[in-house]
1. Inspect all residues belonging to region C:163-183 and state whether any of them is over 26 Å from residue C:93 (Cα atoms), in a helix (DSSP H, G or I) and in the same structural domain as residue C:134 (by TED's automatic domain parsing).
2. Which one is nearest to the chain's Cα centre (by Cα), of the residues in region B:62-103 that are away from chain A (no Cβ under 13 Å) and surrounded by 21 or more Cβ atoms within 10 Å (Cβ to Cβ)?
3. Considering only residues that are more than 7 Å from chain A (Cβ to nearest Cβ) and at pLDDT below 90, which ones fall in region B:111-125?
4. Any chance you could count how many residues in region B:381-394 are assigned to a loop (DSSP other than H, G, I, E, B) and more than 7 Å from chain C (Cβ to nearest Cβ)?
5. Can you tell me which residue among C:125, C:153, C:143 is more than 19 Å from the chain's Cα centre (by Cα), within 10 Å of chain A (Cβ to nearest Cβ), farther than 26 Å from residue C:223 by Cβ and part of a helix (DSSP H, G or I)?
6. Give just the number: which of (1) surrounded by 22 or more Cβ atoms within 10 Å (Cβ to Cβ); (2) touching a residue at least 40 places away in the same chain (Cβ under 8 Å) does residue B:429 not satisfy?
7. Sort through B:340, B:378, B:371 and tell me the only one that's within 11 Å of chain C (Cβ to nearest Cβ) and not in a helix (DSSP H, G or I).
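The values are calculated or read from the model by the stated rules, or taken from the named source; none is laboratory data. Being a predicted model, the structure only gives us computed values, none of them experimental. No Cβ is skipped: glycine too gets one built from the backbone with ideal geometry, and neighbour counts run over all protein chains shown.
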């Protein structure tokens, strides 16, 4: 077996983890405010194609990332208006966003079919660090967005647990009535973090498109990564740093089918390797549930419940 | 002041004339869909005094308080703070004017520490939280009013009395000059009430104004400098002067007629044992909830379980009703074991259960009265509603339930009527004739008229020979109704006394966990 | 004060009857208007697109029978979603359960079909398809009932797994389900005894009537039986259910299994009907996802699902024909589905609340 392939697999797992981390962090911020946004998959897809179109027409990959992120925020805004302002069922609203986003992305993607991204995001170089065998290519040959995603996880933990807005955010997800009684606007906080969450998911989708897949493959571009990100938040106990470990694990399971194909390992049916990430997520999801799972460590207590001030 | 209002001024004790009026509200009107909650109400409070808002549930006192602190906005009327007009668009605006509310249902995040809760929403908080700093500051504010609390304690692990203290510290930390205390004693044992009153005096001595909201006459007379009585959203009277007030007069202003809530404890012979509990223990996740409880309830006897909320009452009731399996011990109804056999088996032996949470547990809110009657009965495969309808109509009449018909949705009933539906279903039997009635806080949140009806129904059931287990945090209710009183403290029975000779002080001390000679 | 007025939501104590039908209709209209603006912005003609869709989906005799034919499976997936949703169980894996229904049905049609007369073979295919759909939801149902695992994520993940399974059986050389002696991978046709003939040269099959009867039967079950009563108690108040001794775990299992079976049944109608074989084309059609929209639009009312299912089917049929006759991309149909659902959700707010803006009054006096 070629050990080089496994170095590449590890490096690629970290790369795939980038999108997972960004999407899961987006979901985490949204959920910490008490809003459940199941529309992640739809947002990823729409921001992916938007970033492609923007990058393709302008020639700037960075503009692509910005446009993709803003589109992510825009779609999350629909969810925010429906679930926070109009107090609609958050589950159905999120699903509607998946369906709408998938249709919209495919509609927009029509002119993108058959094209590829021409410029790439340059990986950073760390001089001698990148030359260390194994560790160099695995850890020190990624682009800035990947490092940003990992740094953001750690920064988010600090923000959540060590700052005033973090305190207010956690309180809103746990006990909106208390936040309301303090004269803070529950709706304002929830809308803000739903938009911010959409921005992160949008960035993740754009990066996936521009740095990873390079060509538009319709719904297969994201292929369920949004759903895996949602499950990831549960395993991480709504803690941003713990997200990193889960993202690496699932990044690896998403990368594995390609590696096995490249290694021409055929005794495992390809159908099985293709389903591996979803199977692994499912098993982990079940393993992490306990009876009365509402009390899952870290789960915001008011998650998914619209806040209505108790007027008689 | 409206012409209809009634004024009683007790001259000599009239206090605080010298102090300026800190906050006043004039001709405040607030309407909710279908209800006129406040009808041109006038109210004011001076610096350094306790001014009580007295009224029944639904009289509009909480609504008025909510407007005074900025949680609701009045439909019409105006407010003055130190003589200057103010308009409070939110509780934050209220805080800016030094007005804070201590809610009846605490507004605290359980997972946060005391200090985190106190500083939440505070305006002068820096972007990064400097924990040591915050802890010290919170402790200092608490100390200065004689309210010791540990800033690092997690609120979810505190007792009710301690949580209330956190709420008060929070208001003081935010610079409140006027504190609105919404039914602060409802959740406290007598000893804690005394402590609270000491704190209130410390605050008024420091020049703070207290608006005290209550429906309990005794304590109102004890703590208040002035009292404003509300009924049906209107002011029905003002009374001034501490300790010199006639409680009968206040009761009449509050209810609008003379009332008599004391029931006659009929000295009737009780029959044989219906409920037998032997060495019952319950633990959950390593924590003892009930420990080694044994007692009996006889035919025609009402046994009262007194205690502060959270000492195992709800679990005791749920265990008897078969909803929870005990860790050890046995329960039998009418001589047959029901331990571990589930709620339906218990009901088939004659159990009826009125849980504390009417609309959350006892009734299905979205269902009609008719369907709710079917909840604890045998329903067949195809539900035959037509055959139950005549009985439903009969019960609506018999229990004086105010509803259009049997198709009235439970959620739309008033608290009193919902409780009557629940009692109607449980008392009328279903699977079999009711022998044992377990009833929790049956009159909580009801107005006086409904309280009278519910107590009469319980009394009738006892006279008819049913065994009744009354579990209530309302000590007055237990004292006036029960034939025998057991006190539950931390899951154990710590005191037992006959109802007739029960002493409020002794029972209250047992509820607070203080040892007494009468301990069982 | 930032804004001179506030938006007030007043809970309606009584919802006016007319709003119940008005809101879904308005949301469809609003979505069409939004879609039209989108079409025009992209350089297509909205009026032409819509009039084509309308005539191809509903107004021509060919169109209406195609619509009713397609609605057969859509009503099934709508029932699948609604049956679980009514108990606040969000089975969103109807899509995967349709695949499994197709797989189970194809197996029955291939293995048992040749030995059975048509009157037995067709029901067998349908029932085995339903059983396969139920089987596919068994694990999510079990862990939801026992451990409280979110069925939303688990059923969805299983859809991706189901797609891999289906691909495996169609693409693997020498697979039981694969047509032999054909280079292009495709499913093997089931025996003729297991296939129905379409009604009078249309693309509509008798299964349509079975599915409509099924919807009405479920309507009755929910309104009139003890099972339906139990579902209502659990969905509205789990604590009241516990109090009354209703076994919520068992009911959760039952409801989810039935939900999966309904989607599986829908997948099997494609075997006895239009497809007649395991067909990987199903992976691109999104019938299961459409069921969620259909159920939401009908507000989980089983009788109303017949109507919303047919309405949706018409939109799809019209949209598909656009693709063939004009240059308009096919995906406008899926986008409209999502938009309709979004507008329907927004419309719900108007049904439940009376929404009005009030001025924040300055200090009176």
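1. To start, the set of residues in region C:163-183 that are over 26 Å from residue C:93 (Cα atoms) comprises C:173-174, C:179-183.
Within this subset, residues satisfying the condition of being in a helix (DSSP H, G or I) are none.
No; the residues of region C:163-183 include none that is over 26 Å from residue C:93 (Cα atoms), in a helix (DSSP H, G or I) and in the same structural domain as residue C:134 (by TED's automatic domain parsing).
2. B:64
3. The answer is B:122, B:123, B:124.
4. Initially, region B:381-394 is screened for residues assigned to a loop (DSSP other than H, G, I, E, B), giving B:381, B:383-384.
Then keep just the ones that are more than 7 Å from chain C (Cβ to nearest Cβ); that gives B:384.
Looking only at that region, the number is 1.
5. C:143
6. Among (1) surrounded by 22 or more Cβ atoms within 10 Å (Cβ to Cβ); (2) touching a residue at least 40 places away in the same chain (Cβ under 8 Å), residue B:429 violates only (1).
7. Numbers: B:340 fails: within 11 Å of chain C (Cβ to nearest Cβ); B:371 fails: not in a helix (DSSP H, G or I).
Matching residue, one of B:340, B:378, B:371: B:378.
Okay, residues lined up against (1) at pLDDT 90 or above; (2) more than 26 Å from the chain's Cα centre (by Cα); (3) on the phi > 0 side of the Ramachandran plot; (4) within 14 Å of chain A (Cβ to nearest Cβ):
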| position | (1), (2), (3), (4) |
| --- | --- |
| B:145 | no, yes, no, no |
| B:160 | no, no, no, no |
| B:167 | yes, no, no, yes |
| B:171 | yes, no, no, yes |
| B:178 | yes, no, no, no |
| B:185 | no, no, no, no |
| B:191 | no, no, no, no |
| B:197 | yes, no, no, no |
